[in-house]
Every structure is written in structure tokens, then in C-alpha cells.
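Everything below concerns the one structure shown next.
Derivation of every value follows stated rules applied to the coordinates shown; laboratory data play no part. Here the structure is a predicted model, which means the values were calculated and not measured. Here Cβ is always computed from backbone atoms with ideal geometry, including for glycine, and neighbour counts include all displayed protein chains.
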Amino acid sequence: MKFAVIQERKSPPDRRVVLDPKSCKNLLSTFPSAELIIESSPIRAFSDMDYSSAGLEVVADVSAAEVLIGVKEVPIEALIPNKSYFFFSHTIKKQPYNRKLLQAILDKNITLYDHETLVNESNHRLIGFGYYAGVVGAYNGLRALGLKLNCFELPKATDLNDRAALNAQLDLLTIPNVKIVLTGSGRVGQGAKEILDHLNIKKVSVDQFINNSFKEAVYVQLDVLDYCKRKDGTTLGKKDFFNYPEAYQSTFDRFTSVADFFIAGHFYGKGAPAFFTREQAKSPRFNLKVVADISCDIDGPVACTIRPSTIDKPIYGYDAETETEVNFSNASAIAVMAVDNLPCELPKDASEGFGHTFVEKIIPAFFNQDASGVLKRSKMTENGKLTDAFSYLQAYIEGKE
């Protein structure tokens with residue numbers, strides 16, 4: 001089996017890679033029958049020389065490989081027919097902007113494995129960049145907090161070499177007496193929590209957070225039932241919430257009335273209640289000054305997230321009264337950080353973490369007859385057709401929805 005690490009061609013450029021040099025060497029040592037080539041790239045966080053120095057073959061043409069592995073969508077003109085590809089296709093939710101891409105994949109008889117569809121038997125994702133989205137999102141949120149309150153300055157994460165340099169910047173901070181609310185307990189939430197813990201910010205309970213005053217910065221990490229309750233007053237557990245989100249209403253206003261800084265690291269499902277609405281943000285009791293919306297659902301559950309921001313300009317202001325974008329330094333503005341490609345700001349660390357997991361969880365399937373079914377579950381296309389699991393995309397491909 002011959003694999004290839006492909007060049008990222010989507011614009012704006014993405015410096016991440018699925019397999020860093022260390023992961024490549026691990027793959028080849030673990031699976032001696034495997035072959036691996038690296039497509040030359042001028043933008044990758046790891047240079048061609050980094051791969052060559054590790055004893056890996058860097059080439060201009062990867063057409064000899066059977067399995068091509070990338071991060072972002074491959075431009076249609078760069079797709080090689082009759083190959084297997086791994087990348088984030090952004091088609092499984094019927095995204096209209098990538099309909100032509102999925103059509104081309106079928107036309108070119110490509111077997112597609114989307115990173116988002118790589119799941120275990122319980123349908124839990126095996127791989128992703130969520131952890132580093134949490135790390136960078138929390139850091140960027142803190143940077144916005146410092147600028148909004150005019151109490152400290154942090155450099156942009158994208159200007160730092162790696163996680164160690166980011167931590168070194170955090171070590172210089174003195175965090176003011178603020179209350180921070182963090183939602184989410186998955187990979188994103190864990191990454192954000194690590195930033196808060198690195199700063200030795202005290203974690204408190206829900207009751208303490210809502211009812212007590214503190215002389216130091218504190219944070220609370222919320223699960224869904226901490227900020228949602230059933231409309232009929234019954235308590236049936238998290239499984240019921242995920243099965244019937246429309247039966248719930250938000251109780252998040254009890255946090256927005258006391259919190260200064262909200263880090264949104266949750267997964268938001270269709271039908272679930274909003275954290276806060278535009279009307280609620282107008283309330284005199286609404287206290288949030290900074291929102292780091294890592295989940296970045298536009299015009300969704302976090303009312304002040306009216307557009308994604310960019311790595312170049314990561315912060316904008318939201319005026320609740322006018323429901324418009326303003327300068328975040330305005331006294332009445334909520335400072336919003338809503339960068340939607342956060343892991344790109346720490347490309348080396350994000351790539352190393354992704355690569356380690358990819359070699360551990362995904363690559364073995366090519367050498368053990370897919371014993372755990374990971375490839376079968378994730379395969380979206382084969383022989384010019386959608387697989388059964390993804391047949392729901394047929395009308396989308398045909399432009400009927």
C-alpha cells in the first residue's frame with residue numbers, strides 16, 4: 001500500500017498537514033510493507049527539508065500512490081482519478097458551496113474518506129483538530145479580554161512558533177478578577193480548559209459561580225444540563241436532551257448575568273435552545289464583555305456571533321441595542337472572537353497531534369482487513385457512487401436540495 005501526503009491547495013493557505021515527519025516515520029516502522037511519499041509544498045508548517053532529513057521521499061508527482069491524504073478540500077482540477085482520498089470535504093451537511101466537488105469526486109471514480117466520518121462503533125469521531133481549536137480559542141479569547149479591559153496584551157497565536165511559546169506568553173499574565181464560563185467537555189472543551197488550568201485559574205461549582213463573589217479569577221465548566229432544562233420540569237438526563245432537544249429551554253441567563261467572559265466550546269445540535277438571544281443580550285442584567293465562540297455557529301445559539309472573524313482580524317464588536325457590528329473597544333460592545341479555523345494558528349502542534357492519532361487509529365485498518373470497520377463506516381464514495389450510508393446526499397448532488 002502506497003500512501004501520499006499531498007500539498008494543500010485551498011485558499012487561504014492552510015499550513016497544517018495530516019502526517020508530520022515523526023508520524024510518517026512511525027507509520028513506516030509500524031507497517032514495514034507500507035510505502036509513503038510526500039508531495040513538495042512551499043507552505044507546509046514542516047518544510048520539504050524536514051521530511052527529507054527524516055529519510056522520507058519528497059516528490060513533485062504523487063500519482064503513483066494509491067491513498068492520498070490531505071487536510072482541506074482538494075480543488076477539483078487537482079483531483080487524480082481512480083484514487084482514494086482522505087480530507088475534510090465539507091459535504092456531509094449538504095454544504096452548497098461544495099456540491100460540485102462531490103460531483104467531481106464521483107465523476108472521477110474517487111473513493112472518499114472524510115475525516116469527519118472516521119468514527120468508532122459508537123459513532124464517536126476518532127480524529128479531529130478540536131483540541132487545538134479549544135487551545136487557540138481560549139488563548140485568543142484571553143487576548144480579546146486583555147484588549148477589551150485594557151489590562152494586558154498578548155501576541156497573536158499565529159505569530160508564535162508553537163504551544164510552548166504560547167504557554168510562555170501565558171506565564172507572563174496576571175488575570176484580573178473575572179468570572180469565566182466555559183461550555184463543552186469534548187476535545188474543544190478540554191483544550192480550552194487546559195489553557196485556564198495553565199493559568200491556575202480556580203475552577204468552581206455552578207452554585208459557587210452564580211452565588212459567590214471572589215477576589216480572584218474563577219471559571220466554571222458547564223455540561224448541557226447545567227444550562228438547559230426540560231420545559232415540562234422533568235429531569236430525564238443527557239440522553240433525553242440529545243434525543244429531544246426541542247423539549248428543552250435555556251437557563252444560560254443565570255450565567256450571563258454574572259459572567260464576564262464566555263468561552264463557547266460546545267457542540268450545538270439542531271433544535272437545541274440558544275444560549276442567549278439578541279433580546280436577552282439587551283437586558284440590563286446581561287454582563288458578558290467578551291465571547292470566544294469556538295463553535296462559531298453564525299446567527300445561531302450565541303446571538304453576538306453575527307459573522308466569522310479571521311486570523312488576521314480575530315476580534316469584532318457587537319452592539320446589543322442596535323444588533324450591529326461595531327468597534328469592540330466601544331464601551332457598550334461585546335468583544336467577539338469567532339475565528340472559524342483556529343487550529344491553523346498552531347499548525348505544527350495541531351499537525352503532530354492529528355498525525356499521531358491518524359497513525360494509531362486509522363492506518364491500521366489498511367493492514368488488518370479493516371477489522372474494526374473504520375474504513376467501511378467512513379467511506380462516502382466508491383465506484384462512482386455514494387455508499388449506502390451516505391445515499392442521503394444523492395438529491396444534494398443532483399441539485400434537488
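If you run the Gaussian network model on the chain, springs between alpha carbon atoms under 10 Å, then out of Asn211, Asn82, Asn161 the most flexible one is Asn211. When both segment 264-304 and segment 1-45 are represented by their alpha-carbon centers, they are found 38 Å apart. Spherically averaged projected area of the convex hull of Cα atoms, segment 1-136: 9.4 nm². Taking Cα centre as origin and charging only the Cβ of basic (Lys, Arg, +1) and acidic (Asp, Glu, -1) residues, the dipole magnitude of the chain rounds to 640 debye. Run the numbers on segment 330-401 and let me know its relative contact order in percent, using alpha-carbon pairs under 8 Å that are six or more apart. It comes to 11 percent, rounded to a whole number.
Highest GNM mean-square fluctuation among Ala168, Ala104, Ala350, for the chain modelled with Cα contacts below 10 Å: Ala168.
Just so you know, the Rg over Rh for segment 130-340 is 0.95, from Cα atoms, with Rh as the Kirkwood radius. Charge dipole (Cα centre; +1 on Lys/Arg Cβ, -1 on Asp/Glu Cβ; no other charges) of segment 130-340 amounts to roughly 400 debye. Put the Cα centre of segment 61-90 next to the Cα centre of segment 139-218 and the gap is 38 Å. As a size descriptor, the averaged projected area of the C-alpha convex hull of segment 25-96 was calculated at 6.4 nm². Across segment 304-314, computed HN-Hα scalar couplings (Karplus, 6.51 cos²θ - 1.76 cosθ + 1.60, θ = phi - 60°) run 7, 8, 9, 6, x, 9, 10, 4, 5, 10, x Hz from first to last residue, x flagging Gly and Pro. Tally the DSSP beta bridges in the chain and give the antiparallel ones as a percent, rounded to 5. Roughly 30 percent of the DSSP beta bridges within the chain come out antiparallel. For the chain, the relative contact order is 19 percent, taking Cα pairs closer than 8 Å that sit 6 or more residues apart in sequence and dividing their mean separation by the residue count. Look at the dipole of segment 280-401 built from charges on Cβ: of Ala320, Phe390, Thr305, the Cα furthest out on the positive end belongs to Phe390.
Relative to the globular-protein estimate of 2.2 N^0.38 Å, the Cα radius of gyration of the chain stands at 1.05.
Computed over the chain with a Gaussian network model linking Cα atoms closer than 10 Å, the most mobile of Phe214, Phe275, Phe286 is Phe214. Our helix-only sum for the chain, with -39,500 (n - 2.57) per DSSP H run of n ≥ 4 divided by its residues, gives a mean residue ellipticity at 222 nm of -7000 deg cm²/dmol. For segment 272-331, what ratio Rg/Rh do Cα atoms give with a Kirkwood hydrodynamic radius? Dividing the radius of gyration by the Kirkwood radius yields 0.93. Identify, among Val58, Ser23, Ser11, the residue whose Cα sits farthest towards the positive end of the charge dipole of segment 1-98, taking +1 on the Cβ of Lys and Arg and -1 on the Cβ of Asp and Glu, with the dipole about the Cα centre. Positive-end residue among those listed: Ser11.
Across segment 147-162, computed HN-Hα scalar couplings (Karplus, 6.51 cos²θ - 1.76 cosθ + 1.60, θ = phi - 60°) run 6, 5, 8, 6, 10, 6, 10, 10, x, 5, 4, 5, 8, 9, 6, 6 Hz from first to last residue, x flagging Gly and Pro.
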